[in-house]
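Asker: Handing you this structure, nothing more for now.
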Amino acid sequence: MAAFDPWAPAFLADPYPAYAELRSRGRVHYYEPTDQWLVPRHADVSALLRDRRLGRTYQHRFTHEDFGRTAPPAAHEPFHTLNDHGMLDLEPPDHTRIRRLVSKAFTPRTVEQLKPYVSQLAGELVDGLVQRGGGDLLTDVAEPLPVAVIAEMLGIPESDRAPLRPWSADICGMYELSPSEETAAKAVRASVEFSDYLLELIAARRKEPGDDLVSGLIAAHDEGDRLTEQEMISTCVLLLNAGHEATVNATVNGWWALFRHPEQLAALRADHSLIPSAVEELMRYDTPLQLFERWVLDDIEIDGTTVPRGAEIAMLFGSANHDPDVFTDPDRLDLTRKDNPHISFSAGIHYCIGAPLARIELAASMGALLERAPTLSLAAEPVRKPNFVIRGLEGLSVEVR
Ligand code: HEM
């Protein structure tokens, strides 16, 4: 039987058989190694994401002691200060206040206006790849596209963008299960450097505002006192990190899946009108963010089991996306799949604010690769990143002949 073991190479290579086993054994499982309750079925994940008895944080209602937890070590404080003031780790009313301010920049209509810019950039990146006869799809296309788009939206000058990816990678290490001290030290250093950089940028934009999101957040802080200085910094970091990390992985996981299903890739090459359903199916088939956690703020019951206040629930998005109760033949890649209520963008109050933008970016890079690199093929078997929560590849070597 396939075992749920998020550190085992065989599980990381293909976690889906272990999820099937978990789903068949029940709706909730206590997992001792991480002291979490695993929830593998789609209906439960979907309901829990909307359940206000759970929270991304508990600190709006309880102290660490009240909640039976210990405060993180003082040495990790810069990471937690940065992380805990971003909307993803806040609950109402703070979450509502910040999300409202930011959401104007991410409505489907606003994002639609970015389409020509995103398409042009995707085209240029793919042309470069074609001219070189191939390269690494990750560093040549998947990564520069969303990094440039979110940096442009925030108003980060091009000359300042090089450290964004390493800062993000170091901070995101903390979102894996049981991060090591070394991972924490890297995240702390990146948090300090990233925050210092943004403080400088904010000071510059305050003197000389632009038509960008950072200037918009400064106005909200200065005029209406609707955002603290720390919330402003945390919001920028969250947007910059969330704004590219999963999109990069969705792009390379998606193409890796296409290369392993040549008949599906051929169908897509023959009919580009499949791009929108292909984007959704690839995000379902190999889910870029495999797990999200919630704290139990008030006791809940799942299938007769009481999960008590103070416990932590781990919702298995990759498993929910392969649940046969919701998806016909869930382990089959079907780019024409119509009824596809995948949960890759979450649900409830933390539903991904960048989903419309991510969809535009994924469709733009796919469109550009299909049109401008019709002979794109795999040059070497890729290596999986040794991470579970953020599922990606070290690179994706391709050729264009
Ligand atoms: C394929 C790409 C993406 C995926 C799979 C993805 C997935 C997610 C998920 C699952 C959540 C919610 C986590 C939870 O419920 O605990 C989330 C939240 C968020 N995402 Fe995305 N995301 C993607 C792209 C983006 C982009 C392009 C942005 C752009 C700025 C973005 C910004 C955010 C923000 C700010 C939140 C926090 C929302 C809140 O807490 O209210 N994401 N994303």
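The values are calculated or read from the model by the stated rules, or taken from the named source; none is laboratory data. Keep in mind it's a predicted model, so treat the numbers as computed, not measured. Using ideal geometry, Cβ is built from the backbone for each residue, glycine included, and neighbour counts are taken over all protein chains shown. Keep in mind that these areas ignore ligands, DNA and RNA; they rest on the heavy atoms of the full protein, side chains included. Shrake-Rupley method; radii C 1.70, N 1.55, O 1.52, S 1.80 Å.
Asker: Quantify, in whole percent, the carbon and sulfur part of the accessible surface of the chain (1.4 Å probe; protein heavy atoms only). Provide the component values of the computation, followed by the final result.
Answerer: On the way: 9250 of 17310 Å².
The computed percentage sits at 53.
Asker: Starting from the exponent 0.38 and prefactor 2.2 Å, build the expected Rg for the chain from its residue count and divide its actual Cα Rg by it.
Answerer: 0.98
Asker: Tell me the net charge near Phe106. Cut-off is 12 Å between Cβ atoms, Phe106 excluded, with +1 for each Lys or Arg and -1 for each Asp or Glu.
Answerer: That works out to +4.
Asker: Tell me the mean residue ellipticity at 222 nm calculated for the chain from its helices only (DSSP H runs of n ≥ 4, each -39500 (n - 2.57), averaged over every residue, nearest 500).
Answerer: -15000 deg cm²/dmol
Asker: A further question on this structure: Whole number in Å², please: accessible area per residue of the chain, 1.4 Å probe, ligands, DNA and RNA not counted.
Answerer: That works out to 43 Å² for each residue.
Asker: Okay, next question. With each pseudo-label sitting 7 Å past Cα toward Cβ, what's the Thr139-Arg50 distance in nm, one decimal?
Answerer: In this crude label model, Thr139 to Arg50 measures out at 4.5 nm.
Asker: Here's a follow-up. Taking Rh as the Kirkwood radius computed over C-alpha pairs, what is the Stokes-Einstein D of the range 72-127 at 37 °C in a medium of viscosity 0.692 mPa s, expressed in µm² per second?
Answerer: For these conditions, the coefficient is 230 µm²/s.
Asker: So if each residue of separation counts as 0.36 nm, and I subtract the Cα-Cα distance between Thr305 and Ala267, what length gain in nm does that give?
Answerer: Gain on stretching Thr305 to Ala267: 9.1 nm.
Asker: So between Glu381 and Phe67, what do we pick up on full extension, going 0.36 nm a residue minus the alpha carbon distance?
Answerer: Stretched out fully, the Glu381 to Phe67 stretch lengthens by 108.4 nm.
Asker: To one decimal place, what Kirkwood hydrodynamic radius in Å is obtained for the range 1-46 from all pairs of distinct Cα atoms?
Answerer: About 11.0 Å, per the Kirkwood formula over Cα pairs.
Asker: Could you give the dipole magnitude of the chain about its Cα centre, charging the beta-carbon of Lys and Arg +1 and that of Asp and Glu -1, in debye to the nearest 20? Spell out each step's value before the answer.
Answerer: On the way: 39 positive and 61 negative charges, 156 e Å.
Roughly 740 debye, rounded to the nearest 20.
Asker: Averaged across orientations, what area in nm² does the convex hull of the alpha carbons in the range 294-352 project?
Answerer: Values: hull surface 21.1 nm².
If I average the Cα hull's projected area over directions, I get 5.3 nm².
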